[in-house]
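These notes are about the structure you will find just below.
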Amino acid sequence: MHSKWQVWDFFNSFPAGSWSTLQGKVVLQAFDPLALRLMKEHLLEGVETTARPVQVSGGDLRTEWVEEQFVMLGLFGNTESYIVNTPEESPAPVKDLFLRDDLMLDNRVLAFATMSEGPMIKKILKQANVHHVQIEAPRFWESAKLLDFVCSHLHLPLKHEAKQYLLQAIEPEFMDLYDACRLIKLNFPAAKEIGLQDVRDLVGVERMDQFALATELGKKAWRPFFDRLLEIEYDPARLIQIFSFLQGHLLRLADPSYLQGKARLSQYDKEIQGLAKIWRPRELRETFRRFQSWEIAAKTKDPLLLSKLRQARLKVLQGQTRD
């Protein structure tokens, strides 16, 4: 039996404490470590201690242990349920044992908790009577839904404008949004409503500045780029970080082949993929050298750096985009 869910649907619709309804081999699969941990906590919510499974790591298992637990009848019987975390790290002989269809699983559960679907998991899923519970990764356009879920899960009463700020300030990945919201919750544990300024003060604007600048840079939107850059409070340490980040951004635009090895592209990755096409190699080299020189100026606390940035903006306004 295969049940596939989006993260917000799973926790809203899949009954808490459902571990007690499972039997035999089970595959628990999620798109990242946090989603997998929350899935297990949800399934075990309210389950009595005596009925909870023992959690083990696949890399620590040996054939003797598996045989003792699931092949041979123990002195006091084999009654405990288990969750095998990272089963793909199990030694090959252990994986072979897990694939046997004669394991002793009456009235108990052998669950495999994983983020991948390697050869062993694929073979298990082809076996009869295997329960497969899966949480899929949100699509890149579902960031707002993902944040709504996180706020609901943490009972975090963010106002609309605070949510909009977070969606700009934080990379729309589950763990990043969850960590940011947990930080806010820790600072406002009893608040009935949390507004934009409270969130801005906690989360900060550095990440938003960097990614907003990267977007404008990638589009060659020079005027808004320099306007935003000069609006940032002058701080050499912060400018070093920004110029270093933007150089990395240009390197990704120059060679977006790294995206081919990613199973799922973030919104930032998709932006790189699209904007890389509008840049010529010479433009990338010249812009890279410009940011490199500004980073050096920030590191040496060059008193003329701010003037250089204003001069660059002036040249943009005059229709000149090169120093």
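The values are calculated or read from the model by the stated rules, or taken from the named source; none is laboratory data. The shown structure was predicted, so the numbers you read here are calculated from the model rather than taken from an experiment. Please note: Cβ atoms are built from the backbone with ideal geometry, for glycine as well, and neighbour counts cover all protein chains shown.
Here are some notes:
- Counted residues, region 49-66 - those being in contact with a helix residue (DSSP H, G or I) (Cβ under 9 Å, 6 or more places away or on another chain), under 22 Å from residue 22 (Cα atoms) and not basic (Lys, Arg): 7
- Total residues in region 158-168, condition surrounded by 14 or more Cβ atoms within 10 Å (Cβ to Cβ) and without any contact (Cβ under 8 Å) to a residue 40 or more places away in the chain: 6
- Condition check for residue 285: assigned to a helix (DSSP H, G or I) and among the basic types (Lys, Arg): yes
A quick yes/no check of all residues on (1) of a type outside the set (D, E, K, R); (2) more than 21 Å from residue 219 (Cβ to Cβ):
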position: 236; (1), (2): yes, yes
position: 244; (1), (2): yes, no
position: 272; (1), (2): yes, no
position: 278; (1), (2): yes, no
position: 301; (1), (2): no, yes
position: 314; (1), (2): yes, no
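- Within region 220-248, residues that are in the same structural domain as residue 304 (by TED's automatic domain parsing) and part of a helix (DSSP H, G or I) have Cβ atoms under 9 Å from residues that are modelled with pLDDT under 85 and among the polar types (S, T, N, Q) in these pairs: 222/321; 241/210; 242/210; 245/210; 246/210, counting only partners at least 6 apart in sequence or on another chain.
- Any hit, region 209-217, residues being crowded, with 19+ Cβ neighbours inside 10 Å, in contact (Cβ under 8 Å) with a residue 60 or more places away in the chain, assigned to a helix (DSSP H, G or I) and over 23 Å from the mean Cα position of the chain (by Cα): yes
- Checklist (1) within 27 Å of residue 170 (Cβ to Cβ); (2) at pLDDT 90 or above; (3) surrounded by 15 or more Cβ atoms within 10 Å (Cβ to Cβ) applied to residue 284, failing item: (1)
- Entry remark, region 249-270: residues being touching a residue at least 60 places away in the same chain (Cβ under 8 Å), under 21 Å from residue 219 (Cβ atoms) and outside any helix (DSSP H, G or I) number 2 in total.
- Hey, residue 190 surrounded by 15 or more Cβ atoms within 10 Å (Cβ to Cβ) and in the same structural domain as residue 150 (by TED's automatic domain parsing) or not: no
- Filtered residues of region 141-157 (kept if outside any helix (DSSP H, G or I) and either among the small types (Gly, Ala, Ser) or surrounded by fewer than 17 Cβ atoms within 10 Å (Cβ to Cβ) (or both)): 154, 155, 157
- Region 292-318 residues that are in contact (Cβ under 8 Å) with a residue 12 or more places away in the chain, paired with ones that are among the acidic types (Asp, Glu) and part of a helix (DSSP H, G or I) (beta carbon under 9 Å, 6 or more apart): 313/227
- A count restricted to region 293-307 and to residues that are over 17 Å from residue 226 (Cβ atoms) and not acidic (Asp, Glu) stands at 5.
- Matching helices (runs of 4 or more DSSP H) fully within region 1-110 where at least 3 residues are hydrophobic (A, V, I, L, M, F, W, C), touching a strand residue (DSSP E or B) at 6+ places or on another chain (Cβ under 8 Å) and within 28 Å of residue 178 (Cα to Cα): 33-44
- None of 149, 98 is closer than 23 Å to residue 73 by Cβ, outside the structural domain of residue 264 (by TED's automatic domain parsing) and aromatic (Phe, Trp, Tyr) except 98.
- Listed by first and then second residue, the pairs linking a residue in region 122-140 that is free of Cβ contacts under 8 Å to residues at least 12 places away in the same chain and outside any loop (DSSP other than H, G, I, E, B) to a residue that is surrounded by 15 or more Cβ atoms within 10 Å (Cβ to Cβ) and of a type in the set (S, T, N, Q), with Cβ atoms under 8 Å apart and 6 or more places separating them unless they lie on different chains, form an empty list.
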